[in-house]
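Working notes, beginning with the structure itself.
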Amino acid sequence: MKQHPKGLPFLFFTEMWERFGYYLILGIFVLYAIEPEGIGGGLGLPDKVADDIFGTYIALTYLTPFLGGFLADRVLGYVKSIYLGGFLMGMGYIGLGIFKDLPLFYTSLGLIIVGNGFFKPTISTLLGNLYSEPEYKDKKDTGYNIFYMGINIGAFVCNIIAAFMRNKFGWGEAFITAGIGMFLGLIIFSFGLKHVKKASEMKPAEKGDTKISDVLVKVFL
């Protein structure tokens, strides 16, 4: 990575731990939701209900980055969006591990959905901005390939860790592990903050740019 921006390794590991938590949840979500509460400590929901909740959750995690990315560009900035998104996701993961009451369970899912909306598009944009300098432009594709390796590593390792935590300790501990991974990613990001600050400038508004009201309509209607 010596020929790449110094911020790349920090974004690599930040994204790796974020994807670790995200895919850990995906792997055990339905199993946890349908397992009887008295026997295995799950929620005991009917299979169809669990599938509907899971499908809605996935759909919203793909929709909210449109709004989160817009706010990062125009209002919050990239660094604040990564911290906000990561914090919300981390709290949501831990909430899933602590709360079994359905309203709080849904609230935890909501935190993850909103947090993902801020985090996911922003870190990729930040990575691209690191390669805007002439000396790095021809290495941008390679940089993204390295970055996506972090995603794959996080998605692979989480399955092993999730199975171990569930079998050794329980569902709650498995979910909390996802939250710990997310906060670890934010700590790594903090160590590399000085290397990404130059790439974190917000995009200036220009005449003809999409308005936030237009984004809201496209996302939620």
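Sorted from greatest to least, the principal axis extents spanned by the alpha carbons of the chain come out as 60, 41, 23 Å. Between ILE58, LEU186, PHE99, the Cα set farthest toward the positive side of the dipole of the chain (charges on each charged residue's Cβ, about the Cα centre) is that of LEU186. The HN-Hα couplings worked out from phi for the stretch 49-62 by the Karplus form 6.51 cos²θ - 1.76 cosθ + 1.60 (θ = phi - 60°) are 5, 4, 5, 5, 5, 4, x, 5, 4, 4, 4, 5, 5, 8 Hz, whole numbers, x standing for Gly and Pro. Scattering from the stretch 1-51 was approximated by placing one identical point on each alpha carbon and applying the Debye formula without solvent; log10 I(q)/I(0) at 0.25 1/Å stands at -0.87. Per-residue SASA remark: SER81, around 0 Å² accessible (1.4 Å probe; ligands, DNA and RNA not included). Placing +1 on the Cβ of every Lys and Arg and -1 on the Cβ of every Asp and Glu, with nothing else charged, gives the chain a dipole about its Cα centre of roughly 700 debye. In this structure, the pairs whose alpha-carbon distance is over 19 Å, taken from LYS80/LYS194; LYS6/LYS197; LYS80/LYS137, are LYS80/LYS137.
If you take the alpha carbon atoms of the stretch 1-105 and fit the smallest convex hull around them, that volume is 124 Å³ per residue. Amide hydrogen proximity for TYR136: with H placed 1.01 Å from N in the peptide plane, no residue at 5 or more positions away or on another chain lies under 5 Å. Would you kindly derive the ³J(HN,Hα) couplings of the stretch 82-88 from the backbone phi angles with the Karplus curve 6.51 cos²θ - 1.76 cosθ + 1.60 (θ = phi - 60°), listing them in order in whole Hz, with x for Gly and Pro? Ordered by residue, 3J(HN,Hα) equals 5, 5, 4, x, x, 5, 4 Hz.
The dipole here belongs to the stretch 9-138: it is taken about the Cα centre, uses +1 on the Cβ of Lys and Arg and -1 on the Cβ of Asp and Glu, and is about 240 debye. Backbone phi angles across the stretch 158-173, fed through the Karplus curve with coefficients 6.51, -1.76 and 1.60 (θ = phi - 60°), yield HN-Hα couplings of 4, 5, 5, 5, 4, 5, 5, 5, 5, 6, 7, 10, x, 4, x, 5 Hz in residue order; Gly and Pro are listed as x. When the chain is described by a simple charge dipole with +1 on each Lys and Arg Cβ and -1 on each Asp and Glu Cβ, the residue from LEU127, ASN116, GLY44 located farthest towards its positive end is LEU127. Computed with every protein chain present, the accessible area of ASP101 is close to 90 Å² [probe 1.4 Å]. Count charges around GLY44 for me, please; just the other residues with Cβ under 12 Å from its Cβ, Lys/Arg as +1, Asp/Glu as -1. My count for the surroundings of GLY44 gives -2. Of the trypsin sites (Lys or Arg not before Pro) found in the stretch 1-105, those in coil by DSSP whose Cβ has at most 16 other Cβ atoms within 10 Å are LYS2, LYS6, LYS100.
Accessible surface comparison of GLU173, GLU201, probe 1.4 Å, protein chains only, largest first: the order is GLU201, GLU173.
The values are calculated or read from the model by the stated rules, or taken from the named source; none is laboratory data. Small disclaimer: the values here were computed from a predicted structure and weren't measured. Heads up, the Cβs are rebuilt from the backbone with ideal geometry, glycines too, and the neighbour counts pull from every protein chain shown. Side chains are part of the model used for accessible areas, which takes the heavy atoms of the whole protein and leaves out ligands, DNA and RNA. Shrake-Rupley method; radii C 1.70, N 1.55, O 1.52, S 1.80 Å.
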